[in-house]
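Undergrad: Here's a structure for you.
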Amino acid sequence: MATTGINYIPAKLVLLGEMGTGKSSLVLRFVKGQFFDYQESTIGAAFFTQTLAVNETTAKFEIWDTAGQERYHSLAPMYYRGAAAAIVVYDISNTDSFTRAKKWVEELRQHGNPNMVIALAGNKADLVDNKQVEAEVAQTYAQDNGLLFLETSAKTAQGVNELFLEIARRLPKANPTQPSRMIVVDRSSERLVSTSYYCC
Amino acid sequence: MYGGAQTQREVPIIWDTRDPYLKPKPIHRKTNITVKFTDLYGFTVEGNVDDVNVLNEVRERVRQQGKAWWELEASKGANWYLQPKISSISEVAVSNLKISVLANTLALNRLIRKGIPPVLRPKVWLSVSGAAKKRSTVPESYYDDLIKAVEGKVTPATRQIDHDLPRTFPGHPWLDTPEGHASLRRVLVAYSFRDSDVGYCQGLNYVAALLLLVMKTEEDAFWMLAVLLENVLVNDCYTDNLSGCHVEQRVFKDLLAKKCPRIASHLESMDFDVSLVATEWFLCLFSKSLPSETTMRVWDVLFNEGAKVLFRVALAIFKMKEEQLLVTHQIGDVISILQSATHHLFDPDELLTVAFDKIGSMTTNAITKQRKKQEPAVMAELDQRLRRLNSLKEEK
Ligand SMILES: Nc1nc2c(ncn2[C@@H]2O[C@H](COP(=O)(O)OP(=O)(O)O)[C@@H](O)[C@H]2O)c(=O)[nH]1
Ligand SMILES: [Mg+2]
C-alpha cells in the first residue's frame with residue numbers, strides 16, 4: 001500500500017458492548033455513512049478499516065466490531081489484545097446495557113493495553129423519549145475512570161464522526177500531550193481519506 | 001396458508017439442483033466485469049467471468065461424479081453405500097469382517113472425497129454420519145412430539161433464534177421467506193430443548209439453514225444437527241464459553257506452525273492471531289465463507305471422516321495463499337486475501353486436493369492428543385475470566 005508522504009498511524013480499535021446497543025451501526029455509519037435496520041449477523045467479529053486525517057497525521061483505524069451472544073464474549077480478549085483504542089457502547093434506552101458497559105471498561109482496564117484510549121458511547125441518543133441512562137451519570141462515570149464520553153446516534157449520525165476523531169486525536173503517537181477534553185473541531189483539517197470493509 | 005405446522009413440515013423443500021447452465025447477467029464496471037448469478041443452492045454470488053466458467057465446469061464434474069455413483073450401484077448393488085462401515089483396518093481382524101466390506105469402505109471413502117451427488121446427499125449423510133442410527137434409537141414420533149411439546153414456549157434461546165431468523169442468509173429465495181423462517185425456527189428451537197447446555201448458539205443458524213437446503217426435510221436436518229453437535233464435532237463447541245471452540249483454535253494454531261511454518265511465523269511477526277479469521281470458519285463450518293457447493297463438499301468429508309477435516313480445510317486455505325500472505329504487512333491485507341480466497345473458491349476439488357494431498361498426515365490420535373494437551377490451559381483461562389467478571393459484579 002503506497003503511503004504517499006502521508007504519515008499513517010495504524011490503530012487497532014475494538015467495539016465492545018451488549019448485543020443490540022448499535023456497535024455495528026456505529027461502524028457502518030462511520031465507515032460507509034449508512035444506517036440499516038437489518039444486517040446479516042456477524043459471528044465473532046467483523047473487520048473494517050478507515051483512515052482519518054487529523055491535522056498532519058492520518059490515523060488508519062483497523063476496526064474490530066465484535067458480535068454475538070454473551071457466550072461469544074469469551075472470544076473478546078483476542079480482539080482487544082494490542083488494541084490502541086476501544087469503544088464501549090451502551091444503549092441510552094437500556095440501563096442493563098450501561099451496567100454491562102461498565103464491566104467491559106473494567107475488563108479493559110485490567111487486561112487491555114495500558115495506554116488504550118477508551119471511549120464510552122451512549123448510543124441511540126435519538127431515542128430521547130425512552131431515555132433511561134442520563135448523560136450526567138455516564139459523564140461522571142467516564143470522568144472518574146478517565147474515559148472519553150459521547151452520546152451518539154448511528155441513526156442520525158449525531159456524534160459518530162466526532163467520536164472517532166476524538167479517539168484519533170488521543171492516540172499516543174498522534175498527539176501524546178493532548179488534554180482530555182472535547183475540542184471544537186476545525187472541519188477543514190479533518191477528512192475521511194479512504195474506506196474499505198470486509199465482513200468476516 | 002392452511003395445513004399448519006404439522007403438514008408443512010412434511011412438505012420437502014423443492015430445490016432444483018439441475019437447473020441449466022449459468023447465464024450470467026453482467027454488471028459492467030470500469031475495469032473488470034463482475035457477474036451476479038445464482039448458485040446450485042439458490043445463493044446469489046458475485047464473481048468474474050472466470051468464476052462462472054469454473055462453476056460451469058464444477059457442475060459438469062458433479063454430473064460425471066453422479067454417473068460414477070450410479071455405475072458402482074450397478075455393480076455393487078443398490079444402496080451399497082448405506083452399509084455399515086469399518087472405521088479402522090484393525091477392526092477387520094477383530095471382528096473378522098469380510099474383505100468385501102473393507103473394500104466397500106475404502107471405495108466409499110474415496111468416492112466421498114470426490115463428492116456426493118446432491119440428490120444422494122440426504123441419505124448418504126444420514127448414513128455415514130450416524131444420524132440414521134441415532135434416530136433409530138428413539139420412537140419414530142420423536143421429532144413431531146418434540147415440536148408439539150415446545151410449541152409456544154419462550155426461552156432466552158427462542159428469543160435469540162427469533163432475532164436471528166431474518167439475519168440468516170437474508171435474500172435467499174427460500175430461507176428468507178416466512179416458510180423458510182418457520183422451518184429453520186422449528187429445527188433450532190427443537191434442538192435447543194433437546195440439549196439445554198447448547199440451547200441456541202449463534203452460528204448454528206447458518207449450519208441448520210444449509211442442512212435444511214440439503215436434507216429437504218426438517219426432521220432429517222434436525223437429526224443431522226444433532227449428530228453433528230453430539231458426535232461429529234468436539235464437545236462444547238457451542239456451549240457456555242465456547243470452550244470446545246477455544247480448544248480447536250489452539251490446536252489449529254499448533255498445526256499451522258507445524259504444517260505451514262513460514263506463514264505462521266510471518267503472521268506472528270505481524271502480531272496477527274489466525275483465530276481472528278478461523279474462529280468463524282470453525283463455528284459456522286465454513287458456511288459463511290465458502291461458496292455453497294464447496295461448503296457441501298467439505299461437509300461430505302466432515303460427516304464421513306470427522307472433525308479433523310476442518311483443520312485440513314483451514315490449513316489448505318492458508319496454504320493456497322502462501323505466497324501472497326508472505327508479502328503482507330498489514331492485517332487488513334491478510335484478512336482481505338483470505339476472504340477473497342474463500343469467497344472465490346468455486347472449485348471444491350482445488351481446495352480438497354490441497355487439503356488431502358498437500359498437508360501431510362494428520363491422524364485422529366495425534367489430534368486427540370493435541371486437544372487433551374490444550375484443554376487444561378483453555379479451561380484455566382476461561383475460568384479466570386469468569387471469576388474476574390463475577391468479582392466485578394460483587395464490587396458494584
Ligand atoms: N434508534 C436507533 N436505533 C439504532 C441506533 N443504532 C442502532 N440502532 C438499531 O439497533 C439495532 C441493533 O443495532 P446493531 O448495530 O445491530 O447492534 P449491535 O448488536 O451492537 O451490533 C438495529 O435494529 C439498529 O437499527 C441508533 O442510534 N438509534
Ligand atoms: Mg453487531
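The values are calculated or read from the model by the stated rules, or taken from the named source; none is laboratory data. As the structure is a computational prediction, the values presented were derived from the model and not from experiment. Note that we place each Cβ from the backbone using ideal geometry, even for glycine, and neighbour counts take in every protein chain shown. The area values use the complete protein model at the heavy-atom level, side chains included, leaving out ligands, DNA and RNA. Shrake-Rupley method; radii C 1.70, N 1.55, O 1.52, S 1.80 Å.
Undergrad: When only alpha-carbon atoms are used, what values of Rg and Dmax, in angstrom, describe the protein assembly as shown?
TA: 25.4, 84
Undergrad: Here is a further query. What accessible area, in Å² to the nearest ten, does a 1.4 Å probe give for residue A:104?
TA: Only protein atoms counted, so the area is about 0 Å².
Undergrad: Name the most mobile residue of B:75, B:265, B:243, meaning the one with the largest mean-square fluctuation, in a Gaussian network model of chain B with Cα contacts below 10 Å.
TA: Between B:75, B:265, B:243, it is B:75 that shows the largest mean-square fluctuation.
Undergrad: Hey, another quick one. Leaving ligands, DNA and RNA out of it, work out the accessible area of residue A:171 with a 1.4 Å probe and give it in Å² to the nearest 10.
TA: Residue A:171 has an accessible surface of roughly 10 Å² with all protein chains in place.
Undergrad: Normalised by the residues of region B:243-386, what does the relative contact order come to in percent, with Cα pairs under 8 Å and at least six apart?
TA: In percent, rounded to a whole number, it is 33.
Undergrad: If I take every Cα pair under 8 Å that is 6 or more residues apart in region B:133-232, average their sequence separation and divide by the length, what percent do I get for the relative contact order? Walk me through the intermediate numbers first.
TA: Values: 83 pairs, mean separation 27.7, N = 100.
Taking the mean separation of contacting Cα pairs over the length of region B:133-232, I get 28 percent.
Undergrad: Now a separate question. What is the log10 of I(q)/I(0) for region A:1-124, computed with the Debye formula using one identical point scatterer on each Cα and no solvent, at q = 0.10, 0.12, 0.13, 0.23 Å⁻¹?
TA: -0.31, -0.45, -0.52, -1.45
Undergrad: When the helix-only estimate is applied to chain B (DSSP H runs of n ≥ 4, each -39,500 (n - 2.57), divided by the residue count), what is the mean residue ellipticity at 222 nm, nearest 500 deg cm²/dmol? Please report the intermediate quantities before stating the final value.
TA: Values: 20 runs with 251 residues, N = 396.
The helix contribution divided over chain B gives -20000 deg cm²/dmol.
Undergrad: Could I ask something else about it? How big is D, in µm² s⁻¹, for region B:243-386 by Stokes-Einstein at 20 °C and 1.002 mPa s if Rh is the Kirkwood radius over C-alpha pairs?
TA: Numbers: Rh = 15.6 Å.
My calculation gives 138 µm²/s for D.
Undergrad: So what is the relative contact order for region B:246-326, in percent, with contacts set as C-alpha pairs under 8 Å and at least six apart? Could you put the intermediate results ahead of the total?
TA: On the way: 44 pairs, mean separation 27.2, N = 81.
With pairs under 8 Å counted, the relative contact order is 34 percent.
Undergrad: Moving on to the next point. Rank A:107, B:375 by accessible area, highest first, at a 1.4 Å probe radius? Write out the running numbers ahead of the final one.
TA: Details: A:107 5, B:375 80 Å².
These residues rank, largest area first, as B:375, A:107.
Undergrad: Shielding by partners for A:72-80, please: the mean number of other protein chain Cβ atoms within 10 Å of each residue's Cβ. Walk me through the intermediate numbers first.
TA: Working: counts 8, 4, 11, 9, 1, 3, 6, 3, 0.
Per residue, the number of nearby Cβ atoms from other chains is 5 on average.
Undergrad: Considering only DSSP beta bridges with both partners in the protein assembly as shown, what is the antiparallel share in %, to the nearest 5? Mind showing how you got there, number by number?
TA: Working: 26 of 51 bridges.
If we restrict to bridges inside the protein assembly as shown, about 50 percent are antiparallel.
Undergrad: Cα-Cα pairs above 40 Å in chain B: how many percent?
TA: Working: 13772 of 78210 pairs.
More than 40 Å apart: 18 percent of the Cα pairs in chain B.
Undergrad: Here is a further query. For the protein assembly as shown, with only Lys/Arg (+1) and Asp/Glu (-1) charged at the beta-carbon, what is the dipole magnitude about the Cα centre, in debye rounded to 20?
TA: On the way: 71 positive and 70 negative charges, 247 e Å.
Using only the charged Cβ atoms, the result is roughly 1180 debye.
Undergrad: Give the residues of region B:348-378 whose amide nitrogen is closer than 12 Å to a point set 7 Å from the Cα of residue B:109 in the direction of its Cβ.
TA: So the set is B:362-364.
Undergrad: Further, regarding this structure: Return the ratio Rg/(2.2 N^0.38 Å) for region B:133-232, where Rg is computed over Cα atoms only. Can you show the working numbers first?
TA: On the way: Rg = 12.6 Å, N = 100, 2.2 N^0.38 = 12.7 Å.
Compared with the compact-globule rule of thumb, region B:133-232 sits at 1.00.
Undergrad: Using only the C-alpha atoms of region B:303-355, find the volume of their convex hull and express it per residue in Å³. Mind dumping the intermediate values first?
TA: On the way: hull volume 4.4 nm³, N = 53.
Dividing the Cα hull volume of region B:303-355 by its residue count gives 82 Å³.
Undergrad: Sticking with this structure for a sec: Between residue B:49 and residue A:132, with labels modelled 7 Å along Cα→Cβ, what's the label distance in nm to one decimal, could you check?
TA: Result: 5.7 nm between the two label points.
Undergrad: DSSP loop (so not H, G, I, E, B), at most 15 other Cβ within 10 Å: list which trypsin sites (Lys or Arg not before Pro) in region B:274-363 pass both filters.
TA: Details: sites: B:288, B:297, B:308, B:312, B:319, B:321, B:358; in loops: B:288, B:321, B:358.
When the trypsin sites (Lys or Arg not before Pro) of region B:274-363 are filtered for loop state and at most 15 Cβ neighbours within 10 Å, B:358 remain.
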